[in-house]
Amino acid sequence: MTASSNLDPEDWDGFRRQAHALLDRLITDVATIRERPVWRPAPEATRAFFERALPAEGRALEAILADVDTHIVPYATGNRHPGFMGWVHGAGTPFGVLGELIAASLNLNCGGRDHVGIALERQMARWMADALGYPAEASGLFVTGSSMANLLAVILAKLAVLGTDSRAQGLRQTERQLIAYCSSEAHGCIAQAMELTGLGSTHLRLVATDEAGRMDVGALAAGIAADRALGLQPFLIVATAGTVNSGALDPIHAIAAVAEKEQLWLHVDGAIGAMAALSDRLRPLLDGIAASHSVAMDFHKWGQVPYDAGFLVVRDGVAHKAAFAGANAYLQRAERGLAAGDTWPCDLGPDLSRSCRALKTWLTFEALGTARIAGAIEANCDLATYMAALVADSGVFELKAPVALNIVCFGLRGAGRSALNREIVVAAQMSGEAAPSWTTIKGETVIRCAIVNHRTTRRDVEAVMARLTADAKALAG
Ligand SMILES: Cc1ncc(COP(=O)(O)O)c(C=O)c1O
């Protein structure tokens, strides 16, 4: 090997020193996260820095890491900060960082083959199957996030009704149009999954919800009956455990009864709420989830695992494999050796080369245990209830949706305040003191605070509300 073809550091000791120093700086950064703004926009100099030409020659690591300190670390998303309440972002923990470091250092490729990365992923699948009340034959797969897990679930439901022959035959052999159902509050990735699978989003029925944003099960049953009467073929119900707008939980138990009666695949989009299965107190909210066929969940949200760590759990592991496994010569298996192992992750989804998301997830669960993770989830829900009380006392705001889990939707009192509500959100983000986001409830843009961060305390909630109230008073006059 020539010196120039080996890409390792030339000076291992120097590399070690710099890597240790970097790790120290990163640990300090997260340990002192409260001392800095939740978020700040990157300055021009930083934006320009990332418009430079592709480098033909490498630079000294020391200079690159100095650029990391200057141009990257200060301008992260902000979700590690306890004042971040936008969208639905987990905060991560330093334990997960260690897991990511180990996985990157081992450079595990978790598409398959006989190595410990696969055992870690299976371990997580077994743990999650147990937590959800699924049988031992259940399977699980790490994916980027619930958007992807939901897409895979739509594929599974489609094959369950059309048969695995349709993998080769495609949809033109389908006699009757397949129809899926979710509530009008379901995440947009469900409609997108219908589009990506060629089933078409117009064949997704958006079932009405009650005042609290939960699927109306009577309307679901009536919709299925109406579609059957038209000669269409219902095949899938997607229940949401924690809607993206307000955190509402569909009545899974009642929906499962409809799915059973109608012989439809029941998928639960548990991106936000499925992790509540770890909590004795909150588990009853998911009643019926054990009767579902598949569940999407996100460790990067309430599992507090660094991005990304989505997960799909499938009740029938055999059907899961039949939906995705292929007979490729270069992936053939062996009794012994590196190609051993019956089911590889590449048999359970479309990715072949994939990182080891299982390691950071496993390490997080080993370090914290489910009791502490569940405790943080419960604390988030308690904080959301507390925030709702502060909203009521604020003198300017009113609640715009009931608080079911950890999401608080509110806005200026009265109707037609969309523009001002948006301005309040932007002002708070720009202040660096709070980072809420927004959504639309009953046609009105409202302020939305999703409390997903294990670092957030009552004082943080008070500080965020103080900021928003001050901005509201300044902007609304
Ligand atoms: C209910 C729901 N489903 C799906 C998703 C998509 O999840 P991901 O961002 O992990 O792809 C989200 C994201 O917040 C969500 O809230």
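Charged side chains reduced to their Cβ positions (Lys and Arg at +1, Asp and Glu at -1) give the stretch 98-238 a dipole of some 380 debye around its Cα centre. For the chain, the 222 nm mean residue ellipticity estimated from helices alone, with every DSSP H stretch of n ≥ 4 adding -39500 (n - 2.57) and the total spread over all residues, rounds to -13000 deg cm²/dmol.
Tell me the net charge near LEU420. Cut-off is 12 Å between Cβ atoms, LEU420 excluded, with +1 for each Lys or Arg and -1 for each Asp or Glu. So the environment of LEU420 carries a net charge of +1.
Quick one: grab the alpha carbon gyration tensor of the chain, order the square roots of its eigenvalues as a ≥ b ≥ c, and give me rounded if a/c is under 1.5, else prolate or oblate depending on whether a/b is larger than b/c. Intermediate values should be presented prior to the final figure.
Working: a/c = 1.83, a/b = 1.04, b/c = 1.76.
It comes out oblate by the Cα gyration axes.
The calculated FRET efficiency for THR202 paired with ASP382, based on their beta-carbon distance and R0 = 45 Å, is about 0.60. Summary value for the chain: 21 percent relative contact order, contacts being C-alpha pairs under 8 angstrom separated by 6+ residues. I'd like the distance separating the alpha-carbon centroids of the stretch 69-121 and the stretch 451-477, in whole Å. After rounding, the separation between the Cα centres reads 28 Å. Only one residue of ALA476, THR28, ALA56 has its Cα farthest out toward the positive end of the dipole of the chain, where Lys and Arg carry +1 and Asp and Glu -1 on Cβ, and that residue is ALA476. At 7 Å along the Cα-to-beta-carbon direction for both ASP308 and ASN109, put a label point, then send me their distance in nm to one decimal. In this crude label model, ASP308 to ASN109 measures out at 2.1 nm.
Below 13 angstrom from the Cβ of TRP87, what's the summed charge of the other residues (Lys, Arg +1; Asp, Glu -1)?
Residues near TRP87 contribute +1 overall.
Using Cβ counts within 10 Å as a stand-in for footprinting exposure, how do HIS300, HIS253 rank, fewest first? Write out the running numbers ahead of the final one.
Numbers: HIS300 29, HIS253 16.
The most exposed by this proxy come first: HIS253, HIS300.
Beta bridges assigned by DSSP with both partners in the chain are antiparallel in approximately 55 percent of cases. Of CYS449, CYS409, CYS381, the sequence from fewest to most neighbouring Cβ atoms within 10 angstrom is CYS381, CYS409, CYS449. Taking Cα centre as origin and charging only the Cβ of basic (Lys, Arg, +1) and acidic (Asp, Glu, -1) residues, the dipole magnitude of the stretch 358-417 rounds to 220 debye. Computed about the Cα centre, the dipole magnitude for the chain is approximately 480 debye when only Lys and Arg (+1) and Asp and Glu (-1) carry charge, each at its Cβ.
For a test of the definition: using alpha carbon positions, the gyration tensor, and the 1.5 limit on a/c, classify the stretch 92-137 as rounded, prolate or oblate. Note, shape of the stretch 92-137 comes out oblate.
Centre-to-centre, using Cα atoms only, the stretch 299-335 and the stretch 366-381 are separated by 25 Å.
Computed from the coordinates by the stated procedures, all read-outs in this text should not be read as laboratory data. As the structure is a computational prediction, the values presented were derived from the model and not from experiment. When we count neighbours, we look across all protein chains shown, and the Cβ atoms used for this are built from the backbone with ideal geometry, even at glycine.
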